[in-house]
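Asks: First the structure, which I've put down as structure tokens, then a few questions once you've had a look.
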Amino acid sequence: MALKVLSALDAAKIQLYHFKAIIIAGMGLFTDAYDLFCIPPIMKLIGRIYYLDHHNSDKCSVMPKETQYKTTPTAVVSTLVSIALLGTAVGQLMFGRLGDRAGRRRVYGLSLGMMVLSSLACGFSICKTRNCVLMSLGFFRFLLGVGIGGDYPLSATIMSEFANKKTRGAFIAAVFSMQGLGILASSIVTMVVCRIFEVSSNEPKSETPDEADIAWRLILMMGAVPAALTYYWRMMMPETARYTALVEQNVVQAAIDMKKVLDVPMSEIAEDSPIRLKPPAPPHPSYPLLSKCFLRRHGVDLFCCAATWFLVDVVFYSSNLLQSQIYHRFIKDNNDVNGYQLAFKVARFQAILAISSTIPGYWVTVYFIDRIGRVKIQMLGFLFMALVYFAIGIPYKYYWSDHIGVGFMALYSLSFFFSNFGPNTTTFIVPAELFPARFRSTCHGIAGAFGKVGAIIGTIGFFWASRNEKDSGKPNPVRMTVALVILGVVCLVGLVLTYFLTRETMGRSLEDNEIYEDELIYDT
């Protein structure tokens, strides 16, 4: 028989605590997006500070040497992004497993604390020489990635276990949608900081002053503020009732914890008579993670979650392929523009993109996820992403490479919209709904780690495809065409995997995933 406390969770009405949980759980995703999307404008600042040449054509001249600014090399940008992604994959595996072994609540604060301290440490990257700054920044971004990675499985699992089955998808999607606000916040903070520093500078408009070395550090450190503000409430959250009842097997405590956060009468969640397992509950599940029994029961689901997350992250993080072209067309990196202005323009572009496509994609998913289901949204997203990449990639060499305009921007925006109203969101949701409580956080972490491997591949692809031609400075049209068509094919593969292997979880109770060799019975 089903436990009353779990049945009550499935049937609970939407309450204030659900929205509080969305904000508390979403701050990790907010920080993730903030720190990822503040890197492009920061790299523009770093390029103006640490990548420059002093030269004068007349060696005998006593006039001051001219300064020739350069851009941070693509290889450096890709490396810094990849290091953070590698840390994220490590964090997903490590904290995902800890979430099932030690409890969601016990390690939840640890991951957030790691994010806060690492964000601050990124701003305090030691030294003032180029190599030393970049190496220390890379090290702290790896640690930041570990903290962010830990937040993925924990936030998704906690929200899924607090939610009712009717609106569970919308709640998890709302947590994930905090990424959109993180993107927008990173752009706003970057623009405000750059404008303040530029106005207060006494240098010529075309010069990037030494104070810019403080500006980019401040931008990074500001990412720690929202996460730090929610630390107290995260530590005050009780353990989820599902973990307490099904993994720790303490039904009484589960009812007490649920009563703390949800307005439900105790008579509806307390058992009428003592519950025990027959025979007495073992300290560990009867079959271990990744055993033959586990793979037989959950192997297909785990493969599908990991594979689709891998595929969508290859595509999502390769969006930099198109972004590099847009920067080349609309944001001129010339010597008559200082680092503040350049970073401001990049941040402004990212804010416009977030408002016009990224954020709407997230919230359209929130609205429809429990109406049309995860599978249909994921298939729809993969399909339209494929069409967009084919529409850009096939004629790229002959048309788009020289005609970056409104049409190109519209297609580029659609790729983000259908990524978020599609597999970028659903791949975060489904792993939190498909597995038993004792494996839920671990399996979500495994799927997410595969996704970040795909993200690293996408970042390396960005580096390969955006290698500039010697004369024009534009990405190689042939390489871009090949890369974009490959991304379209990747989306079609994701569509096929979703259609044949992904199970729909809309309206299902999480307890449908629980398969015990020893069933719960009432003690007589």
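So that you can scan it fast, the table gives a plain yes or no per residue for (1) surrounded by fewer than 24 Cβ atoms within 10 Å (Cβ to Cβ); (2) in a helix (DSSP H, G or I); (3) basic (Lys, Arg):
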residue	(1), (2), (3)
Ser118	no, yes, no
Cys127	yes, no, no
Ser136	yes, yes, no
Gly145	no, yes, no
Asp151	no, yes, no
Ser155	no, yes, no
Ala170	yes, yes, no
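Asks: Regarding Val193, is this residue more than 24 Å from Thr425 (Cα to Cα), touching a helix residue (DSSP H, G or I) at 6+ places or on another chain (Cβ under 7 Å) and in a helix (DSSP H, G or I)?
Replies: On the way: more than 24 Å from Thr425 (Cα to Cα): yes; touching a helix residue (DSSP H, G or I) at 6+ places or on another chain (Cβ under 7 Å): yes; in a helix (DSSP H, G or I): yes.
Yes: the conditions hold for Val193.
Asks: For residues that are modelled with pLDDT under 95 and among the hydrophobic types (A, V, I, L, M, F, W, C), scanning just the range 88-116, find the one that is nearest to Ala254 (Cα to Cα).
Replies: Ala102
Asks: Also: Six or more apart or on different chains, Cβ under 7 Å: which pairs go from a residue in the range 485-504 that's more than 18 Å from Ala306 (Cβ to Cβ) and hydrophobic (A, V, I, L, M, F, W, C) to one that's part of a helix (DSSP H, G or I) and open to solvent by less than 70 Å² (accessible area, probe 1.4 Å)? Could you list them?
Replies: Val485/Phe390; Val485/Gly393; Leu487/Val315; Leu487/Tyr389; Leu492/Ala386
Asks: Now a separate question. Answer yes if at least one residue in the range 394-404 is closer than 23 Å to Ala307 by Cβ and either surrounded by fewer than 24 Cβ atoms within 10 Å (Cβ to Cβ) or in contact (Cβ under 8 Å) with a residue 60 or more places away in the chain (or both), and no otherwise. Steps first, please.
Replies: Of all residues in the range 394-404, those closer than 23 Å to Ala307 by Cβ come to none.
Checking the range 394-404: not a single residue is closer than 23 Å to Ala307 by Cβ and either surrounded by fewer than 24 Cβ atoms within 10 Å (Cβ to Cβ) or in contact (Cβ under 8 Å) with a residue 60 or more places away in the chain (or both).
Asks: Here is a check on your reading of the model: is Cys305 modelled with pLDDT of 70 or more, in contact with a helix residue (DSSP H, G or I) (Cβ under 7 Å, 6 or more places away or on another chain) and in a helix (DSSP H, G or I)? Show your work before the answer.
Replies: Values: modelled with pLDDT of 70 or more: yes; in contact with a helix residue (DSSP H, G or I) (Cβ under 7 Å, 6 or more places away or on another chain): yes; in a helix (DSSP H, G or I): yes.
Criteria met by Cys305.
Asks: Right, something else. For the range 354-371, state whether one or more residues are open to solvent by 70 Å² or more (accessible area, probe 1.4 Å) and acidic (Asp, Glu).
Replies: Checked against the condition, which is being open to solvent by 70 Å² or more (accessible area, probe 1.4 Å) and acidic (Asp, Glu), the range 354-371 yields no hits at all.
Asks: Could you say whether any residue in the range 417-439 is of a type outside the set (Val, Ile, Thr), part of a helix (DSSP H, G or I), surrounded by fewer than 24 Cβ atoms within 10 Å (Cβ to Cβ) and out of contact with any Lys or Arg (no Cβ under 9 Å at 6 or more places or on another chain)? So that I can check it myself, show each step before the final result.
Replies: As a first pass, look at the range 417-439 and keep what is of a type outside the set (Val, Ile, Thr): 417-424, 428, 431-439.
Okay, now just the ones that are also part of a helix (DSSP H, G or I), so 417-420, 423-424, 428, 431-432.
Right, trim to surrounded by fewer than 24 Cβ atoms within 10 Å (Cβ to Cβ) and you get 417.
So of that shortlist, the ones also out of contact with any Lys or Arg (no Cβ under 9 Å at 6 or more places or on another chain) come out as 417.
Yes, that holds for at least one residue.
Asks: Let me ask something additional. For Ala449, are the conditions met, namely being part of a loop (DSSP other than H, G, I, E, B), out of contact with any Pro (no Cβ under 8 Å at 6 or more places or on another chain) and modelled with pLDDT of 90 or more?
Replies: Values: part of a loop (DSSP other than H, G, I, E, B): no; out of contact with any Pro (no Cβ under 8 Å at 6 or more places or on another chain): yes; modelled with pLDDT of 90 or more: yes.
No: the conditions fail for Ala449.
The values are calculated or read from the model by the stated rules, or taken from the named source; none is laboratory data. In this text, all values refer to a predicted model and were calculated from it rather than measured experimentally. Here Cβ is always computed from backbone atoms with ideal geometry, including for glycine, and neighbour counts include all displayed protein chains. These accessible areas exclude ligands, DNA and RNA; they are computed on the full protein's heavy atoms, side chains included. Shrake-Rupley method; radii C 1.70, N 1.55, O 1.52, S 1.80 Å.
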